[in-house]
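Below is one structure, written out as structure tokens; comments come after it.
Here, each number is a calculation from the coordinates, and none is a lab measurement. Because the structure is a prediction, the values reported are computed rather than measured. Every residue, glycine among them, receives a Cβ derived from its backbone with ideal geometry; neighbour counts consider all protein chains shown.
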Amino acid sequence: MMTTYHLRNVDCPACAAGLERGLRKIEGVRAVSIDFGTLSMRVDAADLKAVESAVRNLEPLVTFSRVLAEAPGRPTAEADFDLKREIQPLALATAAGCLGLVLVNFTHREGAASIGLGLLAFAYLVSGWKVLLGAARNMVRGRLFDELFLMSIATLGAIAIGQYEEAVGVMVFYSIGELLQHSAASRSRASIRSLLDLRPDFARLRRAGSWVEVQPEEAVPGDEFLVKPGERLPLDGQVIEGEAFLDSSPITGESMPRRAQPGATVLAGSVSLDGVLVIRATRGAGESSAARIATLVESAAHLKARTERWVTAFARIYTPIVVAMAAAIAFLPPLLVAGQGLREWCYRALVMLVISCPCALVVSVPLGYFGGIGGAARRGILVKGSQVFDALAACKAVAFDKTGTLTRGSFSVRSITAAPGRTSDEVLAWAAAAESLSRHPIAASLRAEAESRSLSIGTEDEASEVRELPGAGIAARIGGRLVLAGNERLLELEGVAHPKHEGGDTLVLVALDGEYAGSIALGDEPKSDAREAIRALRALGVGRLAMITGDSSPVAQRVATEVGIAEVHAELLPEGKLEVLGRMIREVGGARGSTVFVGDGVNDAPVLALADVGIAMGAGSDAAVQTADIVLLTDEPSRVAEAIARARRTRRIVAQNIVFALGIKAAFLAMGAIGVAVMWEAVIADVGVALLAVANSLRAMK
């Protein structure tokens, strides 16, 4: 079982990666993941006390807090970062450094130079003591070639060759840049967490006839709670009193408020705009929609994309390579070429060390993915990991289920045809009785129609020997009589002779004691945005769109024509759906693309699991959340195109950060090697690249 911790004082991605590697070596640790973007750690270990002790030994300055099981899904903000307080000693160091610079270079009074050097030393130590101490601590532990090591070697080397002013300037600028970068990253995390902090701090529960404010975690299903205008719902539930317009955009991304009245299902995180509601809780706080969103997004940060893993691995080999290059630049030319001064080449090497810090990469890439995941969650698109974004960005084919995905899934009886000797009411009554225990939308429609006609054979509760045949229908014994209700396949399997049926409606054929009794035609209309969803996918360049359904060919073809899909695979059993999708995956994968399947997440669980990316429409079932890679909190198929567009935009932002950071660093490495750049320019470029990359990552939230 994974336990989540929130971390503090993790100053750099290298520290996070080193801590993660150290914890993996501990006996009893089955899995561990530390995400610098969210400052969180997830660990599966036999002895959590041993893990906590190891964290203290590996990183004494790191503090942590365990996420309590009774309050899951509530984002925990990191400790407040006070930029003004942190920058005060650096302001003092800057002032001392500037005064020292003036005394050393522009004042010729006796003793002025000595005072100036003292001020420069003071400025260096005030601005860089954390860097030097951290580098020394890491060296003792055998962790070389991180950013602290690079800055320590670069500035101490500058002092060794007499470049005191540059050593101080580089350390001051680096420290200021680290504070600004830390502040930007902290603001980024806070902005993303604010998207996920969807639950209020209290719930107003009915207790002994009065309303009492308690923590949402104290509520249980069945409790009644009160919500006033302007307040956010703390729990999922069903309205029992009052009416109000609810703004559910924080949960589903829907811009238009919806009217909530008695009987309506409402979600935690929604806001009552104009009315007082009394609601009966249907889920506890930890299982609410808001908690589910926050938990899934924070968990997703630990499922790293290939790009993130590549950046981490690249940073581990990149720094030693740059150090080796700098050493070669410092010592080989003076040794191999006569007349080359050691001091000049050492200075060039130090410039290379300053610019080589990989912070911009290892900070901005995870923040970019996390921002993309958080921004998608704000729109009701729950993505279970950055690796899902990568696969989704490569989408070249999308296959849809029909019922409940492209169509409304709410059937209505259009006509009933009875066999000779039977009546339409009799056919409907037996079909509704057979379907009395089924949760399929067709069954619900049959029962609703029978109820509207006040039809009942009085024995629905006596249904026994119920057999549900996937993709065919249902068989049940009612009042001693065998009733079949399903499609033509069911009657053929049971050996019941029946007439052939044509048309574009969904048909339920009914047989009684082995004899055909009649048929019921039901209609299911496409969702309002289904056609727009297909058009949007084509605009994104998704070249292959298909429908994979167990429904009859005429019905499937009618719906496909209405929404604009040409490729239709109908009348498929679950294993047939797997076979068709498997063939699509092989064909599309050969072109280095991914295949997405969109279904309801219950009957289509095997197909959702097989797809490169499985998308479940709606978050009503645990099967959807567990099986799919992406869960849509609304039933709008147009969100599929939005999810793909967001994935591609996030990938572009991550790629921009990588290219930008590596390009700037490569340019300054070359400039440093040929003696064009100076240390001041290198440190400003390094800090600037990191800040711009972090700022660019924030765009993924939009």
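General observations
- Taking only the alpha carbons of segment 3-66, we obtain Rg and Dmax values of 10.2, 28 Å in that order.
- Here segment 203-287 has an Rg and Dmax of 11.7, 38 Å, counting Cα atoms alone.
- Set of lysines with alpha-carbon distance to Lys130 below 26 Å, sequence-local pairs under 8 removed: Lys84, Lys665
- Modelled FRET efficiency - R0 30 Å, Thr107 with Ala667, Cβ distances, 0.05 increments: 0.20
- Taking every alpha-carbon pair under 8 Å whose residues sit at least 6 apart, the chain reaches a relative contact order of 13 percent.
- Extension gain for the segment Ala160 to Arg439, taken as residue separation times 0.36 nm less the Cα-Cα distance, is 92.6 nm to one decimal.
- Just so you know, the averaged projected area of the alpha carbon convex hull for segment 511-593 sits at 7.2 nm².
- Distance in nm between pseudo-label sites at Ala566 and Glu468 (7 Å out along the Cβ direction from Cα): 3.7 nm
- Charge dipole of the chain about the Cα centre (unit charges at C-beta), most positive-ward option of Gly157, Gly242, Gly514: Gly157
- Its DSSP H runs of at least 4 residues, each contributing -39,500 (n - 2.57), put the calculated 222 nm mean residue ellipticity of the chain at -16500 deg cm²/dmol, to the nearest 500.
- Percent of C-alpha pairs per 10 Å bin in the chain, short distances first: 3, 13, 18, 19, 17, 12, 8, 5, 3, 2, 1, 0, 0.
- Structure note, pairs Lys25/Lys49; Lys402/Lys527; Lys228/Lys702: Cα-Cα distances above 19 angstrom occur for Lys228/Lys702.
- Neighbourhood charge, 15 Å Cβ-Cβ cut-off, centred on Arg422 and excluding it, Lys, Arg +1 and Asp, Glu -1: -3
- Electrostatic dipole magnitude of the chain [Cβ: Lys, Arg +1; Asp, Glu -1; Cα centre; debye, to 20]: 2520 debye
- Averaged over residues, the count of other Cβ atoms within 10 Å places the peptides 557-564, 472-479 in the sequence 472-479, 557-564, highest first.
- In nm, spacing of pseudo-spin labels at Val676 and Met256 (7 Å Cα→C-beta vector): 5.9 nm
- log₁₀ of I(q)/I(0) at q = 0.11, 0.21, 0.23, 0.24 Å⁻¹ - segment 412-523, Debye sum with one point per alpha carbon: -0.28, -1.15, -1.43, -1.59
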